[in-house]
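This report refers to the structure that appears directly beneath it.
The values are calculated or read from the model by the stated rules, or taken from the named source; none is laboratory data. All of these numbers come straight from a predicted model, not from anything done at the bench. Quick reminder, even Gly has a Cβ in these numbers, built from the backbone with ideal geometry, and neighbours come from all protein chains shown. Protein only, heavy atoms only, side chains kept; ligands, DNA and RNA dropped before computing areas. Shrake-Rupley method; radii C 1.70, N 1.55, O 1.52, S 1.80 Å.
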Amino acid sequence: MSSNRGRALSWMLAIAMVLTLAPTVALADGTFSGAGSGTEASPYEIATAQQLDEVRGNLSAHYILTADIDLSGFDSWQPIGVFAPESEEDPETPSTASAFSGRLDGKGHTVSGLSLAQDDGVAGGLFGCTTGAEICNLTLTAASVTGPRMVDAGCCTATGS
């Protein structure tokens, strides 16, 4: 009977440790700069090309740039958000699960050096597909985007609020 009690106590301690460490692990991964949580009141802070690349991991969050970003050394840029139809019945409407639907405030910063050559017909640029998104106060310079169709620099010479 005491071995069952000991086993139960071990399981409870293991669960308590996991629950205690889970928030620490999520904050300690260092994905973004600062202490933002991706909400409107506390957006994720982006200061590097690698952090900008991580935006595709949470397409509905809020982000701000805290520095100019140079993508010229970033060899494998993939557009943020991709087009996938919402349903078979509505193949023209993008799915909010795969398109960028969050907010990116460039805070007056510039993203430069985007170079992307696509040969598979996929839409591309800084952003591949957006739906209900807000992209503002951002300038995109020195961009080279080529492909067979639906390519542009990513709809970003957006300034204003």
Those residues of the range 134-158 which are surrounded by fewer than 19 Cβ atoms within 10 Å (Cβ to Cβ) and either assigned to a loop (DSSP other than H, G, I, E, B) or modelled with pLDDT under 65 (or both) amount to Ala142, Gly147, Pro148, Arg149, Met150, Asp152, Cys155, Thr157, Ala158
Under 6 Å between Cβ atoms, at least 6 apart or on separate chains: pull out the pairs that start in the range 35-55 with a residue that is open to solvent by less than 50 Å² (accessible area, probe 1.4 Å) and end on any residue that is among the charged types (D, E, K, R).
-> Gly36/Glu45
